[in-house]
Each structure stands twice: as structure tokens, then as C-alpha cells.
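Colleague: Please see the structure below; I have some questions.
The values are calculated or read from the model by the stated rules, or taken from the named source; none is laboratory data. Predicted model only: the values in this text are computed from it and were never measured. Methodologically, a virtual Cβ is constructed for each residue, glycine included, from the backbone with ideal geometry; neighbour enumeration extends over all protein chains shown.
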Ligand code: ARG
């Protein structure tokens, strides 16, 4: 279903011969949209823009959609939608099960790689961002009808397990009593042990070889570490209220059996070459090559990602790959995509994107660190926010702060500002939803029950009503934009503006105290706004409370 704005634009386009570049009017007295196309055409044709505008207006018949067009100043065309047309558009959106959001004709299989914490380490603030952003992408892409496959690329393989397992032996540690926080302490002890003790370092290396060779006693401890970590991660996901489940875990180790074949394939075709004992792929534009196998015969992060990509394209049928990590990994992914294209693992019709996000900064404007100098744990952040507000509100605060600025930018974690119920915050949007819900509840108690399927708006005369209606019908276009450009801050900005229009509407237009027909229409407008706020918040992964 094309939106009202799109229909309007294409009708003008047909007559003017060029894109009318409709802009929202800057002031209510200028109508709803402004079209400056006459100025552009006038300049091109060496004619007076006002003359061009007059001609255009005479040729346009938009009376089924708009009030008579007005020409202002040097040749601006001011467009005002007819109130009944606007009202009709709002009710159609209200009745539509997708809130007007256009469903893709051919659902795309989209793989989103996000969260991806590392075993035996608690999730830190980078994983928090990845989890929240990835969750939002998953929700938005599902909303436009895509088939979303989340992949949690858990770091469960690598050299660190050698030292962890040796340390467990040295300490004769009881693994049944170990939890994720304990495992992380163990990690720190093993690490400092490694730095101090050459002989321990040798044992750790030998242990990695044993693990990779599938030694049963070693594997048993490794598996136990995975379990402990998985329990810890699951608790955090539950606390965050994200969609990720155990089924979405596709950990690094799950690709082990593919690595040898990938190395052989790329070496046979001359794409990979030996370089000081390592098997690597040189990619134009990058200083360092991608490493498939190091000189000790070990496989690492790069080749595992090549295998994961292949699995996603060949086995999962992905046509769009999205990776969500810290911006510092950008080069890794650019190189990965280049290698995969060279190898033919990533066909031209599959789109691959890395969405890199900025750092979360502490109050002093430097990257958030604990007193010990390690990255802040996610649970600490949640605790800080919950010290200011209820869990539901604290979560809204964090998620909104994470999503409302351009992802690439760093942002300052300021629990007080983020949890405020005024200003551009998650709690403010929740409050807007709670307030409109309250009005609807009270009206319902007074006998005005709104049924979405039959509700209609008969009167929409006030500018504040009209501009709220106009905001509302902009929702589908914003969702479509976020789905294609992966820019959640646009949705946040839209919802904030919607909430602001809603409060402007309350100021100008009494709802429950209005005379019956107007009251009814305004209640339907409230209901439509409640619906879009709730849906929009849901796409951000934020709860929409009935009361606050
Ligand atoms: N485990 C990695 C980290 O914590 C992130 C993995 C991202 N995904 C991937 N396919 N490389 O930095």
C-alpha cells in the first residue's frame, strides 16, 4: 500500500515531470507540505518561478486529496491535505494489522550476527550494544516481512582455553561450584600466571593442542566452561528482554570441521598462499593479509568467520548478512567480505554489511572502564540504571540511549539523564504511551470503547489534530527506511517527534471533555497514536507500559 505522501508525490511528479521533493511545511499556516519545484524549474527554464507555479497549480487536479493549492512568496506551492483524507488514512493504518508497514513481496533471508560474547568472560558494554542493536534489527526486519535468522557467534574456541584448563588443574578447582563471574576471575588469574611463568605458558600451549586434537579429559572441562558461560549469558538475555535464544547460538567451535577444507580449497585455487609458514590471503587495500592457518598449524578468528559466512550463505540461504560489533572490528569484516568475494563464497546477489558501533563513555568522556581497568560489565550498567528507576524503565533508558544516536558515534552513559521522564529519552516515550493509555482507559470506563476494526474519525479540524495525524501516517516510511539503512536513531527520532506532537495535541484539544462527535474522533486519534507508540517501542525492544 503506497502511503498518502507517496501518492501525492507521484501525482505531482506526473504533471511537473520532475520529483516534487515534498517537504513537511515549516509552519502550520503553510499547510502540510511545501513544494519548491517551481523555483527549480523556473531557474532551469529562465522563467519567473511564480509563473511556473501558477501553471503547475492550474494543471494539477488534486481536489480528491487536497484543499485548493496555494502559491506563496516567490513560487512555493503550499499543500494542505483534506481533513477527511487525513482521517481516512489514519483509520486505514489503525485497521491494518501491520500498522501500514509495507510487507516485502519476496521475503529475504537475513542473517544477523550479534551479541557474540566470549566464553568464561562476562558480557561487557560492547556486547550490550551489539545485543541491543542486533535485537532491534531483528525486530524491524521481521516487521517488514523478512525471514530473520539470528546467529550468536559465541567465542568458545581459541588459545585462552589452554591457560584456563591448566589453571583449573593447578588449583584443583571445583567446576560444579563455578559460575560465570567465578570463571572470569579464573581467567584473570590464569592470565597473570601465564605472564609470570614460562613453564605454565608451555603447558597452556600443549593443552590447546590437546583440545584441538579432541582429547576427552580436556574436552570435558572445556564443555563445562561452555555450560557455565551459557547459563550466565541466558540470565543476561532474560534480564535484557531480547529475542535471542539458545537455538541462535552458532559458536566458533561449530565451524571446526569446515576449516581444513576451506584452507585446501583456497590454496588449491591459488587464492591463499604461504607466507612465513602461515596460510594467508592477501587482499588489495589491506596492509595485513587474512590468516587462514598460522605457522603453528592453528586456526583463528579470520578463517572461522570465512566458514561461518559460507554456512550462512550455502546452508541457511542468506541473501543479506549483517554483522553487529564494535567499530574497531570494521577492517576485519571488510577483509572477510573481500576474501569471501574472491573465493566465490559470497555471490554478488548477497549483500554483506558490517554495522560498527561506537564506544560507551563514562561520565568523564573516556571509554567506560571498571576501577581495575577492565571493560565495565553489562550487569553493572543495568544495576546503575536500576538505581534510578524500575527495571522496565531502566531497560528502556539504556536501550533508547543506545539506539537514539547514530550507531557509529560514542555516547556517554549518564544514568540520571537517560532515566529522566522528560526530554529525548526512552522513559519519556514510555510515559507518553502510559498517558495516552490512561485517557483511553478512562474513556472506556465512561462507555467509549474503541474497536480498531470499525473505528472512524469524523472530525479533524484543529491544526494540532491534523499535524498529529500527519505524523502518525509517517510511521511506515520510517520503518522501511530503518529496515534498509539500519538506522534505529531514525525510528527513535520519529517516536520522539510523535510524542511531542501528542503533547501539543493535548494542550490544544481537550479529549474527554469535548462534545461527543469530536470526543469520539479524538479518542480514535489517541488510540492510533497509542498503537504506533507501542509498535515503535516494540521495534526498539522497549516495553510500552499501560501506567507509570
Ligand atoms: N566474540 C567477538 C568479540 O567479543 C565478536 C564476534 C563477532 N562476530 C563475528 N562473526 N566475528 O569481540
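Colleague: Considering the stretch 25-47 alone, what residues qualify as being in contact with a helix residue (DSSP H, G or I) (Cβ under 6 Å, 6 or more places away or on another chain) and either outside any helix (DSSP H, G or I) or crowded, with 17+ Cβ neighbours inside 10 Å (or both)?
Modeller: Hits for the stretch 25-47 are 32, 37, 38, 39, 41, 42.
Yes/no matrix, rows are residues, columns are (1) farther than 22 Å from residue 486 by Cα; (2) not in a helix (DSSP H, G or I):
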| position | (1), (2) |
| --- | --- |
| 382 | yes, no |
| 385 | yes, no |
| 392 | yes, no |
| 401 | no, no |
| 409 | no, yes |
| 417 | yes, no |
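Colleague: Confirm whether residue 93 is touching a helix residue (DSSP H, G or I) at 6+ places or on another chain (Cβ under 9 Å), exposed (fewer than 15 other Cβ atoms within 10 Å of the Cβ) and in a helix (DSSP H, G or I).
Modeller: Taking the combined requirement at face value, the residue does not satisfy it.
Colleague: Continuing with this model, one more query. Consider only pairs whose beta carbons are under 7 Å apart and that are at least six residues apart or on different chains; among these, list those whose first residue lies in the stretch 299-310 and is under 12 Å from residue 157 (Cα atoms) and whose second residue is near the ligand (Cβ under 9 Å from one of its atoms) and modelled with pLDDT of 95 or more.
Modeller: 304/252
Colleague: Of everything in the stretch 324-336 that's surrounded by fewer than 18 Cβ atoms within 10 Å (Cβ to Cβ) and more than 10 Å from the ligand (Cβ to nearest atom), which residue is nearest to residue 265 (Cα to Cα)?
Modeller: 334
Colleague: Would a scan of the stretch 150-172 turn up a residue that is more than 29 Å from residue 208 (Cα to Cα) and either near the ligand (Cβ under 10 Å from one of its atoms) or in contact with a strand residue (DSSP E or B) (Cβ under 8 Å, 6 or more places away or on another chain) (or both)?
Modeller: Yes; the residues of the stretch 150-172 include at least one that is more than 29 Å from residue 208 (Cα to Cα) and either near the ligand (Cβ under 10 Å from one of its atoms) or in contact with a strand residue (DSSP E or B) (Cβ under 8 Å, 6 or more places away or on another chain) (or both).
Colleague: Take the conditions within 16 Å of the ligand (Cβ to nearest atom) and touching a helix residue (DSSP H, G or I) at 6+ places or on another chain (Cβ under 6 Å) and apply them to residue 376. Does it pass?
Modeller: yes
Colleague: Please enumerate the residues belonging to the stretch 10-24 that are touching a strand residue (DSSP E or B) at 6+ places or on another chain (Cβ under 9 Å) and either surrounded by fewer than 18 Cβ atoms within 10 Å (Cβ to Cβ) or closer than 21 Å to residue 93 by Cβ (or both).
Modeller: Answer for the stretch 10-24, where residues must be touching a strand residue (DSSP E or B) at 6+ places or on another chain (Cβ under 9 Å) and either surrounded by fewer than 18 Cβ atoms within 10 Å (Cβ to Cβ) or closer than 21 Å to residue 93 by Cβ (or both): 21, 22, 23, 24.
Colleague: Name, by its number, the condition in (1) assigned to a loop (DSSP other than H, G, I, E, B); (2) under 33 Å from the mean Cα position of the chain (by Cα); (3) away from the ligand (no atom under 16 Å from the Cβ); (4) farther than 24 Å from residue 485 by Cβ that does not hold for residue 120.
Modeller: The one condition residue 120 does not meet is (3).
Colleague: A further question on this structure: Can you give me the number of residues within the stretch 446-465 that are closer than 15 Å to residue 527 by Cα and in a helix (DSSP H, G or I)?
Modeller: Adding up the residues that qualify gives 1.
Colleague: If you don't mind, another one. Among the candidates 321, 279, 316, single out the residue that is within 23 Å of residue 261 (Cα to Cα), within 16 Å of the ligand (Cβ to nearest atom), in contact with a helix residue (DSSP H, G or I) (Cβ under 7 Å, 6 or more places away or on another chain) and at pLDDT 95 or above.
Modeller: That would be 321, the only listed residue that is within 23 Å of residue 261 (Cα to Cα), within 16 Å of the ligand (Cβ to nearest atom), in contact with a helix residue (DSSP H, G or I) (Cβ under 7 Å, 6 or more places away or on another chain) and at pLDDT 95 or above.
Colleague: Next question. Looking for whichever is out of contact with any helix residue (DSSP H, G or I) (no Cβ under 9 Å at 6 or more places or on another chain), modelled with pLDDT under 95 and within 24 Å of residue 147 (Cα to Cα) here; the options are 127, 106. Which one fits?
Modeller: Result of the check over 127, 106: 106.
Colleague: Take residue 147 and decide whether it is more than 16 Å from the ligand (Cβ to nearest atom), touching a helix residue (DSSP H, G or I) at 6+ places or on another chain (Cβ under 9 Å) and over 30 Å from residue 15 (Cβ atoms).
Modeller: For residue 147, the condition - more than 16 Å from the ligand (Cβ to nearest atom), touching a helix residue (DSSP H, G or I) at 6+ places or on another chain (Cβ under 9 Å) and over 30 Å from residue 15 (Cβ atoms) - is met.
Colleague: Looking only at the stretch 416-430, how many residues end up being modelled with pLDDT under 95 and surrounded by 20 or more Cβ atoms within 10 Å (Cβ to Cβ)?
Modeller: Number satisfying all stated conditions: 2.
Colleague: Has the stretch 58-73 got any residue that is away from the ligand (no atom under 16 Å from the Cβ) and assigned to a helix (DSSP H, G or I)?
Modeller: There is at least one residue in the stretch 58-73 that is away from the ligand (no atom under 16 Å from the Cβ) and assigned to a helix (DSSP H, G or I).
Colleague: If you scan the stretch 346-368, which residues turn out to be surrounded by fewer than 22 Cβ atoms within 10 Å (Cβ to Cβ) and assigned to a loop (DSSP other than H, G, I, E, B)?
Modeller: 347, 348, 349, 350, 358, 359, 362, 363, 364, 365, 366, 368, listed by residue number.
Colleague: Residues 441, 527, 522, 512: which one is assigned to a helix (DSSP H, G or I) and either in contact with a strand residue (DSSP E or B) (Cβ under 7 Å, 6 or more places away or on another chain) or surrounded by fewer than 19 Cβ atoms within 10 Å (Cβ to Cβ) (or both)?
Modeller: Within the list 441, 527, 522, 512, the selection yields 441.
Colleague: Continuing with the same structure: For the stretch 153-170: of the residues being farther than 19 Å from residue 300 by Cβ and touching a helix residue (DSSP H, G or I) at 6+ places or on another chain (Cβ under 8 Å), which is surrounded by the fewest Cβ atoms within 10 Å (Cβ to Cβ)?
Modeller: Result: 170.
Colleague: Related question: Run down 251, 238, 220 and say which single residue is within 36 Å of the chain's Cα centre (by Cα) and surrounded by fewer than 17 Cβ atoms within 10 Å (Cβ to Cβ).
Modeller: After ruling out the rest, the residue left standing is 238.
Colleague: Given the criterion away from the ligand (no atom under 12 Å from the Cβ), in contact with a strand residue (DSSP E or B) (Cβ under 9 Å, 6 or more places away or on another chain), closer than 22 Å to residue 249 by Cα and part of a helix (DSSP H, G or I), identify the matching residue among 309, 259.
Modeller: 259
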